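One structure is given here, and the rest of the page talks about it.
The values are calculated or read from the model by the stated rules, or taken from the named source; none is laboratory data. Just so it is clear, the model here is predicted, and its values are computed rather than measured. Note: ideal-geometry Cβ built from the backbone for every residue, glycine included; neighbour counts use all protein chains shown. The area values use the complete protein model at the heavy-atom level, side chains included, leaving out ligands, DNA and RNA. Shrake-Rupley method; radii C 1.70, N 1.55, O 1.52, S 1.80 Å.
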Amino acid sequence: GSNKILAAALAFILGGAIGNLIDRSLYGYVIDFIQVYYDVYYWPAFNIADSAITLGAGLLILDMFLTDKSDAKSNA
């Protein structure tokens, strides 16, 4: 159910944050190595940890929407 989504969201966010923290503590900066280009446009550089944080935030938002709907049904 929704608890699994929430748990996954928190795991992605914490895992990404810890990954960036390890980079910062070992190297003094976060290593961004993924760069996406299209023609003259580009997306800012990022890494796997950043992707995990973004995915976790998306899952957290999804969980909030799903929780609101299930709460509304149980109160009706």
**Prompt:** For the peptides 32-41, 17-26, what is the packing order when you average, over each peptide's residues, the other Cβ atoms within 10 Å and list the highest mean first?
**Reply:** 17-26, 32-41
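For Cα pairs less than 8 Å apart in space and 6+ apart in sequence, what is the mean separation divided by the residue count of the chain, i.e. the relative contact order in percent? It would help to have the intermediate numbers written out before the result.
Numbers: 72 pairs, mean separation 31.6, N = 76.
Relative contact order here is 42 percent.
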**Asked** Against the longest principal axis of the chain, how steep is helix 2-27, in degrees 0 to 90 to the nearest 10, with axes from Cα atoms?
**Response** 20 degrees
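Using a 1.4 angstrom probe, figure out how much accessible area the chain has per residue, in square angstrom, rounded to the nearest whole.
78 Å²
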**Prompt:** For percent of Cα pairs over 14 Å apart, the listed values are (1) 58; (2) 65; (3) 68; which was obtained by calculation from the structure presented?
**Reply:** (3)
**Item:** Spin-label pair residue 35/residue 51, simplified geometry with 7 Å Cα→Cβ offset, distance in nm
**Value:** 1.7 nm
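Order 48, 5, 61 by their accessible area, 1.4 angstrom probe, all chains in place, largest first.
Order by accessible area, largest first: 48, 61, 5.
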**Request:** Rounded to the nearest 10 degrees, what's the angle between the helix 48-75 long axis and the longest principal axis of the chain, both from Cα atoms, 0 to 90?
**Result:** 10 degrees
